[in-house]
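A short worksheet on the structure shown next.
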Amino acid sequence: MPTMLEVTDLGHSYRAKDGVHEAIGGVSFTVDAGELVCVVGPSGCGKSTLLRSIAGLISPTRGSTTLHGSPVQGVPDDLAVVFQDYSRSLFPWLTVQRNVEFPLRRSLGRAERQARAAEALDWVGLSGVGGKYTWQLSGGMQQRVAIARALAYRPALLLMDEPFASVDAQTRFELEDLLLRVTREHASTVLVVTHDIDESVYLGDRILVLSGAPSKVVADLTVDLPRERDQITTRESEAFVTLRSETARLLHGGRPRSTKPVTSANQAEDGQTVASRWADAERAETGRRATTT
Amino acid sequence: MRAFTRGTAGLVGFLALGEVATRSGLVPRASLPPPSVVLAGLAGLLADETFLLDVIATVLALVIAVAVASAIAVPLGLVLGGNPAVRQATRAVVEFLRPIPSVALIPLALVLLGSGPETKIALAVYASVWPILFNTVYALDELDGLLVETARAFGCGRLRVLLSVALPSALPFVLTGVRLAATTSLVVLVSTELLTGGNPGIGEFILEAGSGAGRMDLVLAGTVLAGILGYLVNAAFEGAGRRLLGWSALTRGRS
């Protein structure tokens, strides 16, 4: 598969009261066309900043991004973002149908726009609610509208910032399966930022683990699970459990066991801190398996 | 319905109290005629063509003033609200001009614009611009950054974000500003008519009824009509707001 997104040495720092705060400390990775890649990292590690940089909403202080070969400057034309807070990212003065049509207003005529929006609503199982207002729908349905809006735009890259962090667990499972289904049906390239380890393993073809700020890519894990996933059987499979533990360990600053680290994030950190985090992660694991260090 | 019944009862009670106070001689009848006489006078006036022309003149001036004020203040508000630098640069001037009472500008307006209807309209516009301008600016302060980011992520430029995100999102605030502006406009129009004279309007009618003949019942009838106009204008804008911007009350009520 050709490379869709290439991020090279992307860094972002901003001025804080006590000098310059480095949020992202040089992140490099690629995403192939048709891939679903999850980015996990500890809270406050600059995941959202990374996503906004890739989307062109903020300019990174260094590094570069290319989207299907062309360097990104400002907001690229064929990119869509789904944010966590659906109630604040849907336009309350527009109906569901018109919300989905919104990004198509610039490029398409009325009839084609309407057809595309109706089609996208159908993909997410919301045909028939186009005439309602978004605030008349449940949270899960609102996020489906946001997903439909992004898909109707037919983006080369779909960026999602904690897309399911604001819905209840049941809805979350439904939306995860919905996302897997529609993005595979349309061979979408997706980058999902999440803090949820289970979600990253369940959704991803690959997982990028970030360190704390200034964040770097600690590991690039390939999810060795069949593409067809199931909320019950996938989550209880050995491969899932192993990968989840692996990701958790990496998140806690531990060394990867099975995968070579892309960059050595631990260098930047104080040895003592890494050691104690490692011990914490191990303690958390002892209930499940024997300590090996 | 219950609220309506209570409102009516309150109004009837108020009129009855006025009736008793004036008829019992508590208040001199010549200077404050009883409500029944005033209302009868008003009924008579509504059949009087010259009076109706006065009313139309005032209402027309009101519509023009509010339309012109909106056309000035909404775009200006979008510019000030969207550009902190421009806002800071104009702050001193705006804060100086805003507290000036429009009525104090009558002599200046008479010299500049003459004694035609444009004088009262200009003064009403001056008074109306502020509530619309400030509500628009404040609405942009309240604009949700995530809505803007969403639009930007879909490739909307600055102007497009302003027109298709900032403006609709600000509309409920803007409409409140226009509603306040309309009632302020009415006060300024009637005051200017009353103080300058010579132009058809409710204020002019009140001025003439009060001078010479001293027909306080007609003065009060004109005043009551101005009050009714103010009430209707306010109610019309509230109704329009509820119909057009139902999303706003509902979404705000929830969050």
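The values are calculated or read from the model by the stated rules, or taken from the named source; none is laboratory data. What you see is a predicted model, and the numbers here were worked out from it, not measured in a lab. Note: ideal-geometry Cβ built from the backbone for every residue, glycine included; neighbour counts use all protein chains shown. To get the accessible areas, we keep the full protein, side chains included, count just its heavy atoms, and leave off ligands, DNA and RNA. Shrake-Rupley method; radii C 1.70, N 1.55, O 1.52, S 1.80 Å.
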Query raised in the report: Per residue in the range B:156-188, which ones lose no less than 40 Å² of accessible surface when going from chain alone to all protein chains (1.4 Å probe)?
Result: B:Arg160, B:Ser164
Report summary line: Contour minus Cα-Cα span, A:Asp230 to A:Leu108, at 0.36 nm per residue, comes to 40.2 nm
**Report entry** Förster radius 22 Å - calculated FRET efficiency between B:Ser115 and B:Asp48 (Cβ-Cβ, nearest 0.05)
**Finding:** 0.35
Query raised in the report: What FRET efficiency would be calculated for the residue pair B:Ala67, B:Leu39, taking the C-beta separation as r and a Förster radius of 30 Å, to the nearest 0.05?
Result: 0.40
**Report entry** Heavy-atom accessible surface that B and A bury in contact, both chains counted, 1.4 Å, Å² to 100
**Finding:** 2200 Å²
Query raised in the report: GNM on chain A, C-alpha springs below 10 Å: top fluctuator among A:Gly139, A:Gly56, A:Gly19?
Result: A:Gly19
**Report entry** Span per principal axis, largest first, for the Cα atoms of the range A:79-154 (Å)
**Finding:** 30, 26, 23
Query raised in the report: Picking from B:Ala109, B:Leu189, B:Leu162, whose Cα lies most toward the positive end of the charge dipole for the range B:47-254 (charges on Cβ: Lys, Arg +1; Asp, Glu -1)?
Result: B:Leu162
Query raised in the report: Which distance in Å, rounded to a whole number, links the C-alpha centroids of the range A:86-147 and the range A:168-234?
Result: 24 Å
Query - Members of the range B:203-252 that become less accessible by 50 Å² or more once partner protein chains are added (1.4 angstrom probe, chain alone as reference) - result: B:Trp247
Query raised in the report: In the protein assembly as shown, how many lysine pairs have Cα atoms under 25 Å apart, counting only pairs 8 or more places apart or on different chains?
Result: 5
Query raised in the report: Counting only heavy atoms of protein chains, what accessible area per residue, in Å², does the range B:47-254 have with a probe of 1.4 Å?
Result: 48 Å²
Report summary line: Candidate cut points under trypsin sites (Lys or Arg not before Pro) in the range B:29-126, DSSP loop plus at most 15 other Cβ atoms within 10 Å of their own Cβ, are B:Arg29
Query raised in the report: Which whole-angstrom value gives the distance between the alpha carbon centres of the range A:1-66 and the range B:182-248?
Result: 61 Å
Report task. Using only the alpha-carbon atoms of the protein assembly as shown, report the extent along each of the three principal axes, biggest first, to the nearest angstrom. Result -> 107, 49, 49
Report task. Find the percent of Cα-Cα distances in the range B:155-255 that exceed 16 Å, and round it to a whole number. Result -> 67 percent
Query raised in the report: Which parts of the range A:121-148, residue by residue, lose 40 Å² or more of accessible area when the rest of the protein chains are there, as against the chain isolated (1.4 Å probe)?
Result: A:Trp135
Query raised in the report: Between A:Ile147, A:Thr95, A:Gln84, whose Cα lies farthest towards the positive end of the dipole of the range A:79-154 when Lys and Arg beta carbons carry +1 and Asp and Glu beta carbons carry -1, centred on the Cα centre?
Result: A:Thr95
**Report entry** With all protein chains modelled, accessible area of A:Thr3 [1.4 Å, Å²]
**Finding:** 70 Å²
Report summary line: Expected integer from the mean partner chain Cβ neighbour count at 10 Å over A:78-91 is 4
Report task. Heavy atoms only, probe 1.4 Å: what % of the accessible area of chain A goes to carbon and sulfur, would you let me know? Result -> 49 percent
Report summary line: Taking a probe of 1.4 Å and leaving out DNA, RNA and ligands, the range A:79-154 shows per residue an accessible area in Å² of 37 Å²
Report summary line: Once the mean of 1/r over all distinct C-alpha pairs in the range B:53-111 is inverted, the Kirkwood radius in Å reads 13.9 Å
**Report entry** DSSP beta bridge pairing in the protein assembly as shown, given as percent antiparallel to the nearest 5
**Finding:** 55 percent
Report task. Let me know the charge dipole size of the protein assembly as shown about its Cα centre in debye, to the nearest 20, where only the beta-carbon of Lys, Arg (+1) and Asp, Glu (-1) is charged. Result -> 400 debye
Query - Check: chain B dipole with +1 on Lys, Arg Cβ and -1 on Asp, Glu Cβ, in debye - result: 880 debye
Query raised in the report: Tell me, what are the semi-axes, in whole angstrom and largest first, of the equivalent ellipsoid of chain A as set by the roots of 5 times the Cα gyration tensor eigenvalues?
Result: 34, 23, 17
Query raised in the report: What is the distance, in nm, between label points placed 7 Å from the Cα along the Cα-to-Cβ direction at B:Asn83 and at A:Glu119?
Result: 4.2 nm
Query raised in the report: On the accessible surface of the range B:47-254, probed at 1.4 Å, how many percent belong to carbon and sulfur atoms?
Result: 70 percent
Query - Extreme residue, positive dipole direction of the protein assembly as shown, given options B:Pro28, B:Leu146, A:Thr171 (C-beta unit charges) - result: B:Pro28
Report task. For the range B:84-145 and the range B:11-64, compute the distance between their C-alpha centroids and round to whole Å. Result -> 33 Å
**Report entry** Helix-derived mean residue ellipticity, 222 nm - over chain B, DSSP H n ≥ 4, -39500 (n - 2.57), to 500
**Finding:** -27000 deg cm²/dmol
**Report entry** Estimated D of the range B:47-254 in µm² per second, where Rh is the Kirkwood radius over Cα pairs and Stokes-Einstein applies at 4 °C, 1.567 mPa s
**Finding:** 69 µm²/s
